[in-house]
Amino acid sequence: MKEPDRIVRMLRSMATIFLAVVVTVTGLFGQELNLSTRSKKAQKLYHQAEQHANKRNPELAIDALTQALEIDENFIEGWLLLAEMWQEGQHPDKALAAFQRAFSIDSLKYPQMYFSMGSLAYDVADYRLAAKYYKNYQTLNQLDSIQKSVVSKSLNIALVASKLEFDPSDVIIKNTGRIMNTTSDEFVNFLTADDQMMVITRKTRRDTLIEGKEMYAEGFFVAHHTDTSWSQPQAMQLPWADGYNAGGMSMSVDGRSMLFTGCYWPDSKGSCDIYYSNRIGHTWQTPVAFNSRINTTGWESQPVISADGTTLYFTSKRGGGKGGADIWKSNYIPEKGWGTPVNLGDSINTAGDEMAPFIHGDGQTLYFSSNGHPGLGGYDMFFVKKDEAGRWTGVRNMGVPINTSYDEVNLFVNLMGTHGWISSNREGGMGGMDIWDFPIPKTVAPQSIALLAGIVVDKLTGKPLEAEVEILTLPAVIEQINLKTDPLTGEFLVVLNPKNNYIFHISKTGYLFYSEQIVIENTSKEPHIDKVYALQPVKSGVSMNLNNFFFNFNSDKLLPPSKPELDRLVNFLMDNPAIGVLVTGHTDSIGSASFNLELSGKRAKSVVAYLLNHGIESERITSQGVGDTKPLATNQNEQGRAMNRRTEITIKDIF
């Protein structure tokens, strides 16, 4: 057991230990003359309570003590035993109140009560009061070296906790209930973008014993959200995992790639290695181990991948770390695979253990569990954000009540950054690690994101298509995202920065490509663009609008942000050498008809010139301008006028 864990467990039991000491010193059990009450009836009820307590029946003991204290409300030993019974019954608030009542009667008779009250105040999350009681306990002269050490560490934990409190009205953590949780361990792994499906890891008891000990296996389960609750989790259908231990799982943001930890698998390099599996349609493919840069002869676990698929974070006990388990990262290198992992450094890793990294879809906020950073005891959840230079700086404890003196070991925050799920063995659970949910406070929330999701289909048949999706930032290409749609469903999902504008392309051999400009307002609402994109098969007479050609006002000069769209058109024509195209320029109705006709013709010729300069034969290209004569939408508002300002490509010949 780690030192912080040991201290916390000691802290949690000290109130009970102290009561046992009081009983021994004062003769509360069996020495009637030392009882502070003179009432024979109260003494009789007290001794009845003793008998019930010795038989582990706190409810009956509480009934007897309540009657005794009604007879003599200043019966201090009665209050002390009542405090013990309330504590055994898991009612720290009532136990604290009983201690405080005893203390108010005579604060000098049992001054060690300061520690008990401090422990109970901590349990009810009154950390400032706990610190006050611990400080008073420190002033006692009769403390030995062990007591001094324990109270010093308890005081430090309470002081840390008092600085991490949230307004309880802002953060209410709820257990997800018996449907989700069992007496074993449950860990939250992934939620879909709509928060309607959750994937968890659950420990299940094996039927066989090894050396007389019960054995457990980890497996993945899926639950669906109904109107008000979660459905019963069902085991994922993964034939390749039968008989093997798989845990520490996460998924890509679109839910189409699974990363997990496999321990003692036939092809593993060490005790635990990292694997991935891709989903095609509804079937998870046979997993593949990450390369030897990631997996070593040591221990690698708990992988998670960034939303853009380029950075892998994981936990490892390999050499070169800061001590214990550290968090490492590896960047994906095109054509080469995953690069040599880099330790995240002293700002995140400590001599203790840093575990369960979770990188939010914003790519800027990393959450993780640690017992090395200052916390409330055991494992706490922390978070850190990137600075303007892209460095992780300013690790912060997520605070109370997200963290407790128990263990908080992993976290998932939904893509919108509004809700979190945590695994913890805190009081009030079903046993072991349970999954709890809570609203994310603004102080620990990730940056806002936007989702672009859709399905690509054949325009004529409606059949889903496996297509290439390319997304580039505007006006300068500072970010580029490339992905493929699901080959069976045509689905895709990608995370975007709502502060950016984007060029969006969808392409597939044998089809006209789709072009769009995406402008996302930076708003607190849930920006989620979700639609069906129908690609037109290439044939004579069909047209496509190219919405990412940019010109200066009243000018035919193409601006630099037009280059990605122009290059895509060049590639389209090179990939389809048997077709010719007609380039048509369109304008809105602002300005005279003659000016718009001339301007649209010149803009179409500018596109033709680019194609000719990049190797497309002149006999394959013609152009025309039609001004404002063929609008797609009304010219009475800017949105409609923007749709009307366009360049259209029509397939005119198939050689």
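Within the stretch 371-396, the set of residues being modelled with pLDDT of 90 or more, surrounded by 23 or more Cβ atoms within 10 Å (Cβ to Cβ) and farther than 15 Å from Asn410 by Cα is empty. Quick check: is even one residue across the stretch 636-643 outside any loop (DSSP other than H, G, I, E, B) and of a type in the set (Lys, Arg)? Checking the stretch 636-643: at least one residue is outside any loop (DSSP other than H, G, I, E, B) and of a type in the set (Lys, Arg).
Taking the stated definitions as given, is Ala633 hydrophobic (A, V, I, L, M, F, W, C) and part of a loop (DSSP other than H, G, I, E, B)? Write out each step before concluding.
Working: hydrophobic (A, V, I, L, M, F, W, C): yes; part of a loop (DSSP other than H, G, I, E, B): yes.
For Ala633, the condition - hydrophobic (A, V, I, L, M, F, W, C) and part of a loop (DSSP other than H, G, I, E, B) - is met.
Against the test of being over 44 Å from the mean Cα position of the chain (by Cα) and at pLDDT below 95, the options Leu69, Leu65, Leu140, Leu159 yield a single qualifying residue, Leu140.
Regarding the stretch 119-126, can at least one residue be identified that is of a type in the set (Phe, Trp, Tyr) and within 23 Å of Ser36 (Cα to Cα)?
Kept after step one, since they are of a type in the set (Phe, Trp, Tyr), are these residues of the stretch 119-126: 122.
Next, only the ones that are within 23 Å of Ser36 (Cα to Cα) stay: none.
The answer is no; no qualifying residue exists.
Filtering the stretch 501-508 for residues that are outside any strand (DSSP E or B), touching a Pro at 6+ places or on another chain (Cβ under 9 Å) and not basic (Lys, Arg) leaves an empty set. For the stretch 420-436, indicate whether the set of residues that are farther than 22 Å from Asp530 by Cβ, in the same structural domain as Ser306 (by TED's automatic domain parsing), touching a Ser or Thr at 6+ places or on another chain (Cβ under 9 Å) and β-branched (Val, Ile, Thr) is non-empty. There is at least one residue in the stretch 420-436 that is farther than 22 Å from Asp530 by Cβ, in the same structural domain as Ser306 (by TED's automatic domain parsing), touching a Ser or Thr at 6+ places or on another chain (Cβ under 9 Å) and β-branched (Val, Ile, Thr).
Taking the stretch 582-630 as the region of interest, how many residues are on the phi < 0 side of the Ramachandran plot and outside any helix (DSSP H, G or I)? Outline the logic, then answer.
In the first step, residues of the stretch 582-630 are kept if they are on the phi < 0 side of the Ramachandran plot; the result is 582-590, 592-614, 616-626, 628-630.
Narrowing further to those that are outside any helix (DSSP H, G or I): 582-590, 592, 614, 616-617, 621-626, 628-630.
Going through the stretch 582-630 one residue at a time, the tally reaches 22.
Look at the stretch 555-574: where a residue is assigned to a helix (DSSP H, G or I) and a partner is among the polar types (S, T, N, Q), sitting 6+ places away or on another chain with Cβ atoms under 6 Å, you get Glu565/Asn548.
Residue-wise test of (1) in contact with a Lys or Arg (Cβ under 9 Å, 6 or more places away or on another chain); (2) hydrophobic (A, V, I, L, M, F, W, C); (3) within 22 Å of Ala307 (Cα to Cα).
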residue: Ser370; (1), (2), (3): no, no, no
residue: Phe383; (1), (2), (3): yes, yes, yes
residue: Ala389; (1), (2), (3): no, yes, yes
residue: Asn397; (1), (2), (3): yes, no, no
residue: Ile402; (1), (2), (3): no, yes, no
residue: Asn410; (1), (2), (3): no, no, yes
residue: Thr418; (1), (2), (3): no, no, yes
residue: Ser424; (1), (2), (3): no, no, no
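So if I check each of Asn545, Asn522, Asn554, Asn576, which one is modelled with pLDDT under 95, surrounded by fewer than 19 Cβ atoms within 10 Å (Cβ to Cβ) and under 35 Å from the mean Cα position of the chain (by Cα)?
Numbers: Asn545 fails: under 35 Å from the mean Cα position of the chain (by Cα); Asn554 fails: under 35 Å from the mean Cα position of the chain (by Cα); Asn576 fails: under 35 Å from the mean Cα position of the chain (by Cα).
One residue alone meets the criteria, Asn522.
If a residue must be touching a strand residue (DSSP E or B) at 6+ places or on another chain (Cβ under 6 Å) and either outside the structural domain of Asp353 (by TED's automatic domain parsing) or not polar (S, T, N, Q) (or both), how many such residues does the stretch 407-418 contain? Spell out how you get there, then give the answer.
Restricting attention to the stretch 407-418, the residues satisfying the condition of being touching a strand residue (DSSP E or B) at 6+ places or on another chain (Cβ under 6 Å) are 408-414.
In the following step, the residues that additionally are either outside the structural domain of Asp353 (by TED's automatic domain parsing) or not polar (S, T, N, Q) (or both) were identified as 408-409, 411-413.
The total comes to 5.
The values are calculated or read from the model by the stated rules, or taken from the named source; none is laboratory data. Predicted model only: the values in this text are computed from it and were never measured. Every residue, glycine among them, receives a Cβ derived from its backbone with ideal geometry; neighbour counts consider all protein chains shown.
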